[in-house]
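The values are calculated or read from the model by the stated rules, or taken from the named source; none is laboratory data. This structure is a prediction, so every number in the text was calculated from the model and none was measured. Methodologically, a virtual Cβ is constructed for each residue, glycine included, from the backbone with ideal geometry; neighbour enumeration extends over all protein chains shown.
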Amino acid sequence: MFQRRSFLLSSAAAAAAGLTAFKANAKGLPLDIEPRGTNGILERLPRVDLESAQDFMTGYRVFINQELNRAAMTRCNEILKANGIPLDAPLSMEDTVKLMAPDPTMGLYIHNWENTQRAMWATVQVEAHKNADAYMDEMDGAMKAGPGSLELDSKLVLPPYVKHEIHIQPGGYVGDPFAGYIYLHGQNVVFSGGNFQDNAQINFANAVPTPADGKVGRVLEQGCSIGQLTMALKLRFPKAEVWGDDVAAPMLRYAKVLAVDRGIDVNFMQQLSEQSKFPTNHFDVVMNNLLFHEVTTEGARGIIAEAYRTLRPGGVFYPIDLFTGSAKPSSAYSQFRAWQDYRWNSEVWRMEYTALDLEGEMRKAGFIVNEKGPTARRGTDRNVMGTKPA
Amino acid sequence: MATSKSDLKGYTTDFIKSDTDKAVFLGNPLMDDMMTALINLGAETWANRRRVKIIEMLFEKNGKISREMVEAYMPTPEQEKQMQVERDEFIRTAFGHFARGATDIVALSTLNPTSKK
């Protein structure tokens with residue numbers, strides 16, 4: 001439906017910003033900055049050298065995830081053996097770090113991983129800020145354009161827990177005006193180039209279970225960031241009113257750019273998912289993706305409670321995250337990787353999430369929990385789902 | 001970084017900065033800097049090599065070349081696949097040694113050739 005390879009469009013403002021090869025826009029965006037056109041639904045990066053640098057990081061990340069990861073895992077087992085510790089012995093995070101962190105192979109692995117993570121964001125951030133006026137104009141234009149809507153709340157007080165530079169993205173989701181643009185092109189490296197067409201989000205949307213009565217008139221994605229899943233939900237449920245909420249205005253502003261550019265009628269609202277403005281018994285389906293491991297335990301409980309409140313009786317709650325479809329890993333190497341993610345990838349709330357009994361919290365909120373719901377994440381054969389009693 | 005309207009309030013807020021950019025993973029900050037430089041050079045080298053490849057392909061096809069043609073270049077799926085193979089070979093050639101880990105290594109202080117029986 002969205003497959004296109006085209007060269008769109010722009011205005012004098014963008015051209016003045018130093019971006020080349022623009023034409024006039026025939027689509028919904030008053031200003032559409034895609035000087036090198038699109039690859040399917042993905043707006044290509046604006047310079048071939050930038051695209052190539054990201055391409056290198058993509059390939060290098062695969063090298064890290066495969067070959068350096070294998071070397072680190074082997075080394076981890078050797079360290080355990082040298083210290084007389086059985087490979088399956090339960091180790092605390094502190095003990096794991098004490099054993100592993102000083103080793104050069106482990107240090108090399110973390111350096112490479114974190115270095116490429118920083119580079120994939122920074123490359124795009126520098127480019128966006130070089131052309132700040134043009135990209136700001138694009139987002140300003142999208143805010144007023146349709147289809148769909150965007151409601152920002154300039155008076156919203158953000159709790160500190162949402163202000164971290166998660167994934168070490170510079171400025172996090174709230175501190176850089178181009179956070180959405182940076183996120184989109186950075187995460188394409190993380191997905192090894194396999195998510196150019198929002199493939200993961202489309203798969204997740206297609207996995208969402210529907211209420212027993214089959215009625216899906218309103219759908220919500222909590223913590224929607226740049227709305228890739230929100231848009232995929234609209235494709236899955238074209239007749240439904242689909243909403244995405246998030247605390248981060250820069251992410252939502254870019255979500256609106258993407259939605260208007262693609263002509264998808266979705267609505268975005270800036271708010272805390274745990275304190276939403278949506279009415280009680282309103283949605284047929286509420287879901288979220290990789291949200292819980294980015295929030296405090298208190299935040300997670302609030303988000304579950306809000307999902308319960310806003311779902312109508314019989315409505316379905318479908319969260320997708322680490323461990324929603326798999327057991328929590330316990331090996332020393334997985335502990336080490338979890339620590340790396342928590343400590344150096346700025347996944348500040350990951351350990352709290354790991355300790356959280358998500359299914360138990362869903363039950364406490366009132367949900368009927370099915371731990372063997374339809375699978376979502378690759379490599380899993382189930383995913384938790386909750387139903388609000390009818 | 002050049003920002004102008006991007007500093008407008010209302011869309012951004014203060015944030016809590018990570019300290020990962022200050023981390024030393026290799027025991028010596030200079031070693032970390034060297035590693036960072038190597039990876040950045042890898043990205044620059046690949047960008048140049050990919051540009052040359054694109055120029056060659058365009059010239060072969062059209063008999064002429066311009067900067068606009070290079071920027072607008074869209075590889076076919078087959079060309080994309082081939083370039084990924086070349087990229088991965090480049091990475092393995094340049095950086096593959098990092099994957100040997102600390103196993104099967106011979107210490108500098110080993111007095112005699114290990115092959116001597």
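Structure values in brief
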| read-out | value |
| --- | --- |
| A:S330 being over 27 Å from A:N203 (Cβ atoms) and either out of contact with any helix residue (DSSP H, G or I) (no Cβ under 8 Å at 6 or more places or on another chain) or surrounded by fewer than 16 Cβ atoms within 10 Å (Cβ to Cβ) (or both) | yes |
| Tally of residues being touching a residue at least 12 places away in the same chain (Cβ under 8 Å), over 30 Å from A:G193 (Cα atoms) and within 11 Å of another protein chain (Cβ to nearest Cβ) across the stretch A:62-94 | 2 |
| The stretch A:149-165, subset surrounded by fewer than 21 Cβ atoms within 10 Å (Cβ to Cβ) and within 27 Å of A:R262 (Cβ to Cβ), residue farthest from the other protein chains (Cβ to nearest Cβ) | A:S149 |
| Identity of the residue in the stretch A:307-317, in contact with a helix residue (DSSP H, G or I) (Cβ under 8 Å, 6 or more places away or on another chain) and buried (at least 22 other Cβ atoms within 10 Å of the Cβ), that ends up farthest from the other protein chains (Cβ to nearest Cβ) | A:F317 |
| A:I182 vs. criteria part of a loop (DSSP other than H, G, I, E, B), more than 10 Å from chain B (Cβ to nearest Cβ) and buried (at least 21 other Cβ atoms within 10 Å of the Cβ) | no |
| Among residues of the stretch B:8-39, those that are in contact with a helix residue (DSSP H, G or I) (Cβ under 7 Å, 6 or more places away or on another chain) and either more than 19 Å from A:W344 (Cβ to Cβ) or more than 8 Å from chain A (Cβ to nearest Cβ) (or both), counted | 3 |
| Tally, over the stretch B:40-58, of residues that are small (G, A, S) and more than 11 Å from chain A (Cβ to nearest Cβ) | 0 |
| Filter result for the condition that a residue is of a type in the set (S, T, N, Q), more than 21 Å from B:S18 (Cβ to Cβ) and in contact with a Lys or Arg (Cβ under 9 Å, 6 or more places away or on another chain), over A:N383, A:N289 | A:N383 |
| Residue count, the stretch A:256-277 (criterion: crowded, with 24+ Cβ neighbours inside 10 Å and closer than 17 Å to A:S154 by Cβ) | 2 |
| Enumeration of residues in the stretch B:59-117 that are away from every other protein chain (no Cβ under 14 Å), more than 30 Å from A:E67 (Cα to Cα) and acidic (D, E) | B:E60 |
| Some residue of the stretch A:185-194 being under 20 Å from the mean Cα position of the chain (by Cα), without any contact (Cβ under 8 Å) to a residue 24 or more places away in the chain and in a loop (DSSP other than H, G, I, E, B) | yes |
| Lone unmet requirement of (1) more than 9 Å from every other protein chain (Cβ to nearest Cβ); (2) assigned to a helix (DSSP H, G or I); (3) modelled with pLDDT of 95 or more for A:V97 | (3) |
| Identity of the residue in the stretch A:185-215, small (G, A, S) and surrounded by 20 or more Cβ atoms within 10 Å (Cβ to Cβ), that ends up farthest from A:D321 (Cα to Cα) | A:G186 |
| Set A:D88, A:D49, A:D95: member being loosely packed, with under 15 Cβ neighbours inside 10 Å and not aliphatic (A, V, I, L, M) | A:D88 |
| Tally of residues being within 26 Å of A:A101 (Cβ to Cβ) and of a type in the set (D, E) across the stretch A:314-347 | 2 |
| Helices (runs of 4 or more DSSP H) completely within the stretch B:18-117 that count 1 or more residues being in contact with an Asp or Glu (Cβ under 8 Å, 6 or more places away or on another chain) and surrounded by 10 or more Cβ atoms within 10 Å (Cβ to Cβ) | B:29-62, B:77-95 |
| Search result, residues across the stretch A:335-379 that are surrounded by fewer than 19 Cβ atoms within 10 Å (Cβ to Cβ) and at pLDDT below 95 | A:R378, A:G379 |
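Per-residue answers, yes or no, for (1) β-branched (V, I, T); (2) assigned to a helix (DSSP H, G or I); (3) at the interface with another protein chain (Cβ under 10 Å from one of its Cβ atoms):
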| site | (1), (2), (3) |
| --- | --- |
| A:T105 | yes, yes, yes |
| A:Y109 | no, yes, yes |
| A:T116 | yes, yes, yes |
| A:T123 | yes, yes, yes |
| A:H129 | no, yes, yes |
| A:D133 | no, yes, yes |
| A:E138 | no, yes, no |
| A:P147 | no, no, no |
